[in-house]
1. Using DSSP to define loop residues, name the GluC sites (Glu not before Pro) in region 22-86 whose beta-carbon has at most 14 other beta-carbon atoms within 10 Å.
2. Given 0.36 nm per residue, what is the gain on full extension from E57 to A24 after removing their alpha carbon distance, in nm?
3. Based on other C-beta atoms within 10 Å, arrange K16, K10 from fewest to most.
4. Does the chain come out rounded, prolate or oblate by the C-alpha gyration tensor, with a ≥ b ≥ c the root eigenvalues, rounded set by a/c under 1.5 and, if not, prolate when a/b is larger than b/c and oblate if not?
5. Round to the nearest 10 and give me the degree value, 0 to 90, for the angle of helix 15-34's Cα axis relative to the longest principal axis of the chain.
6. Fewest to most neighbouring Cβ within 10 Å: what's the order for R2, R8?
7. Given the Cα-Cα distance of E34 and D77 and 0.36 nm per residue of separation, how much length would full extension add, in nm?
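Each value in this text was obtained by applying a stated rule to the coordinates, not by laboratory testing. All values derive from a computational prediction rather than experimental measurement. Cβ placement follows ideal geometry from the backbone for every residue including glycine, while neighbour counts extend to all protein chains displayed.
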Amino acid sequence: MRYLAVSRLKENTDFKKFQSTIGAHRSWVADAMEAGVIISGGRWGDIGGILIFDLPEDDSVDRFLANDPLKQNGLVDVEWAEYFTD
């Protein structure tokens with residue numbers, strides 16, 4: 001199934017912590033793209049990012065997104081939904 005996730009930086013984000021975490025986030029994204037999980041993604045202005053990805057079922061989405069270093073460090077809130085292209 002295909003999904004869309006929107007990440008938004010939390011209010012009062014510690015930007016020093018963000019800067020020290022963004023490299024790990026980019027590595028996580030690159031690894032997931034190489035594995036064929038993430039189809040596309042990118043920054044969403046200055047407030048967050050968007051990911052389009054494929055996973056076998058809804059219950060694996062939260063587990064997948066929980067591995068994002070930005071999420072693990074409490075820097076973003078993430079919402080997701082099934083993504084329909086037709």
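1. Filter output for region 22-86: E57.
2. Numbers: separation 33, 0.36 × 33 = 11.88 nm, distance 2.55 nm.
That works out to 9.3 nm of additional length.
3. K16, K10
4. Numbers: a/c = 1.88, a/b = 1.62, b/c = 1.16.
It comes out prolate by the Cα gyration axes.
5. Rounded to the nearest ten degrees, it is 20.
6. On the way: R2 12, R8 15.
So the residues, fewest neighbours to most, are R2, R8.
7. Full extension from E34 to D77 adds 13.0 nm.
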